[in-house]
1. Residues in segment 103-120: is at least one of a type outside the set (Ser, Thr, Tyr) and not in a helix (DSSP H, G or I)?
2. Against the condition in contact (Cβ under 8 Å) with a residue 12 or more places away in the chain and surrounded by 11 or more Cβ atoms within 10 Å (Cβ to Cβ), how does residue 152 come out, does it pass?
3. Would you pick out the residues in segment 36-48 that are open to solvent by 40 Å² or more (accessible area, probe 1.4 Å) and either part of a loop (DSSP other than H, G, I, E, B) or free of Cβ contacts under 8 Å to residues at least 60 places away in the same chain (or both)?
4. Within segment 188-198, track down each residue that is more than 19 Å from residue 164 (Cα to Cα) and either among the polar types (S, T, N, Q) or in a helix (DSSP H, G or I) (or both).
5. Just to be sure, is residue 190 within 25 Å of residue 17 (Cβ to Cβ) and either free of Cβ contacts under 8 Å to residues at least 12 places away in the same chain or among the small types (Gly, Ala, Ser) (or both)?
6. Do you know which residues across segment 160-184 are among the charged types (D, E, K, R) and surrounded by fewer than 22 Cβ atoms within 10 Å (Cβ to Cβ)?
7. Being surrounded by fewer than 16 Cβ atoms within 10 Å (Cβ to Cβ), under 21 Å from the mean Cα position of the chain (by Cα) and either in a helix (DSSP H, G or I) or not aliphatic (A, V, I, L, M) (or both) narrows it down to one of 132, 212, so name that one.
8. Residue 157: buried (at least 16 other Cβ atoms within 10 Å of the Cβ) and either in a helix (DSSP H, G or I) or of a type in the set (Phe, Trp, Tyr) (or both), yes or no?
Amino acid sequence: MSTLSYTPLFLSLKVAAISTSIVFLAGVLFAYLLARRNFFGKSFVESLFLLPLVLPPTVVGFGLLVLFGKNGPIGSWLLSWFDVQVVFSWIGAVIASVVVSFPLMYQSAAASFESLDPRLENAARTMGASEWKVFWTVSFPLAWPGLLAGLVLSFARGLGEFGATLMLAGYIPGKTDTIPMAIYFAVEAGHMEKATFWVIIIVALGFSTIMWLNWWTKRNVRRFAKET
């Protein structure tokens, strides 16, 4: 494979894309299941989901290192059964990105599903629609704007993840050097021009992502106002 495939830009986009896909599926699933269900311990579960949002990234990374290290409960199992080592690999970067960006997706998805009018879903059920069909034809389309916002923010968060990734994946040029890693270690080595280049790239990516989301949101708000 060519050297280009291992550049920080390619790796960052790869890690962000994979982690965002996982986060989107998991966030939508858990948010939908918990949106209208009240049970003992629900607040504890939701607090656990949102905990990475308030913890320092290094603390999150340390927890992941304990779990996925070669002597950790999950890491030793993966190594013995599948010969997969998470630490010091791009897989570790994906896991770190999933954990730190999941709260953003879950929060957006939960708010979207909780704001839906349950009468619309009940109307579909009375017409014989299964729960799966209710989700895909009523709940998901109505919640889509909020889900998209969570998706975009999760991608941007995954793209810029540094602390937890450094703890779990480390810095291996050509293997785990995402853009934030490349910036940090370029500065450490005194390569300011290289660091500046990657700073410009990641700022441009983050800014364009957020700007697109704002544009899309405003466009749909105006269209909704015209229709009503």
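The values are calculated or read from the model by the stated rules, or taken from the named source; none is laboratory data. Remember, predicted model here, so these are calculated numbers, not experimental data. Glycine also receives a Cβ, built like all others from the backbone with ideal geometry; neighbour counts cover every protein chain displayed. Side chains are part of the model used for accessible areas, which takes the heavy atoms of the whole protein and leaves out ligands, DNA and RNA. Shrake-Rupley method; radii C 1.70, N 1.55, O 1.52, S 1.80 Å.
1. yes
2. yes
3. Residues satisfying the conditions are 36, 37, 38, 39, 40, 43, 44, 45, 47, 48.
4. Within segment 188-198, 192, 193, 194, 195, 196, 197, 198 meet the criteria.
5. Criteria not met by residue 190.
6. The one that is among the charged types (D, E, K, R) and surrounded by fewer than 22 Cβ atoms within 10 Å (Cβ to Cβ): 175.
7. 212
8. So residue 157 fits the description; yes.
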